[in-house]
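Worksheet: one structure, shown below.
Quick note: the coordinates plus some simple rules give every number you see, no bench work behind them. The structure presented is a predicted model; accordingly, all values stated were derived computationally and were not measured. We place every Cβ from the backbone using ideal geometry, glycine too, and count neighbours over all the protein chains shown.
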Amino acid sequence: MLDRPPTPGPAPSRTTGDLLVSVLLGGVALALTVVLALSQLTGFADAAASAPSALSAPSARSAARLDADPGSQAAAAAARDERFARLARHQVGTWLTGAGGAGGDTREVGATVRQRLRGAAQRGGSALLVLYAIPKRDCSAYSSGGFATHADYRRWVDAIAGAVRAALSRRSSPRARPPLVVLEPDALAMLGSCAGQGDRLGSLRYAGRALSRAGARVYLDAGNSAWLPSSTMAGRLRGAGVASVRGFATNVSNMRPTADETAYADAINRALDARGTGRRHYVLDTSRNGASPAVPAGQWCNPPSARVGATPRWVSGRPLDALLWVKPPGESDGECGRGEPSAGAWWPAGALRLLGRG
């Protein structure tokens, strides 16, 4: 029990022994505080990664570097032809496409994610994952597919979240860094564009929460500035649970100029703020938006005038977290009615064209 505060009056004099005891007690208290803080940091980062307080922008000094995957198609091409070295030096998205594609079942996708994250940890960097397997993905266009049911999709998401959690555990890899995850390109922009989409918003909310709790930085795809009005997209992001994830992504696999996309993202944030959700962080895909003049709006399928844009890097001090190459430059958008390679296939002629060497 504490004694009552002394009656106000002159402060009692303190002896050297009193001062020594005070210093020792203060040192013990500080040590205990540090130990408690470290004990919290050594556990899983689930709560911190998903809580609003985790939304501070990563500084250029504290953020892990964006890891370039030596197993990418660009890296394999650069090993054969040095003209592709510029593409191989930078991080690109690792696309997980579900049924019939990369990481088609829960066991396979778990192994793929663990391998990618552990490799990034060994190199001291953060990986970029792209989930692209929601039912009725891309409707009937060149990248159509995805899981047949939302139950199958959510089991697949659980496997990815489990792999992220395992890879981030200190026992597994003390140097592991939270991955960036872009969640379902086009899913919100194409909401309602074809039949059979089912509970798409529910699955996006489910995936966002599961991956955030596992420790990932999750960004819901928000289309691009030439697609839907910012107010419309803000409403869809809100319905998809953007308040429970890090934020949103713009310009994925598209060619809109960076200035247009930052203005679009700012408008989305104003609309989210007006709806009571609050402003969110975002990332911007610059993999193919470097052409000047810009690729005309509406040309999205392997446009001949597209060029690589700004190289991937963290951006600190504003809602824009990073410029990324979410779409790997040099991988085709699809046949495009011209007999070009299928979606996701490495295309040497297209890669050289993006580099201005075609």
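Which residue, chosen from LEU188, LEU204, PRO229, occupies the Cα position most advanced towards the positive end of the dipole of segment 179-230, where the dipole is computed from +1 (Lys, Arg) and -1 (Asp, Glu) charges on Cβ about the Cα centre? It is LEU204.
When +1 charges are put on Lys and Arg Cβ atoms and -1 charges on Asp and Glu Cβ atoms, the dipole computed for segment 254-358 relative to its Cα centre reaches about 220 debye.
Among SER225, SER230, the ranking by other beta carbons within 10 Å of each residue's beta carbon, starting with the fewest, stands as SER230, SER225.
For segment 88-181, the Cα-based Rg and Dmax, in that order, read 13.8, 44 Å. Each of LYS136, LYS327 has some number of other Cβ atoms within 10 Å of its Cβ, and from fewest to most they run LYS136, LYS327.
Computing FRET efficiency as 1/(1 + (r/R0)^6) for ARG313 and ALA148, where r is the C-beta to C-beta distance and R0 is 45 Å, gives about 0.70.
Annotation note: trypsin sites (Lys or Arg not before Pro) in segment 217-308 located in DSSP loop regions with a Cβ neighbour count of at most 14 within 10 Å are ARG275.
In segment 69-145, a dipole from Cβ-located charges (positive for Lys and Arg, negative for Asp and Glu) runs towards its positive end, and of VAL92, SER140, VAL109 it is VAL92 whose Cα lies farthest in that direction. For segment 63-354, what log10 I(q)/I(0) values come out of the Debye formula at q = 0.08, 0.10 1/Å, with one point per alpha carbon and no solvent? Results for segment 63-354 at q = 0.08, 0.10 Å⁻¹ read -0.30, -0.48. Separation of segment 166-225 and segment 260-311, taken as the distance between their Cα centroids, equals 19 angstrom.
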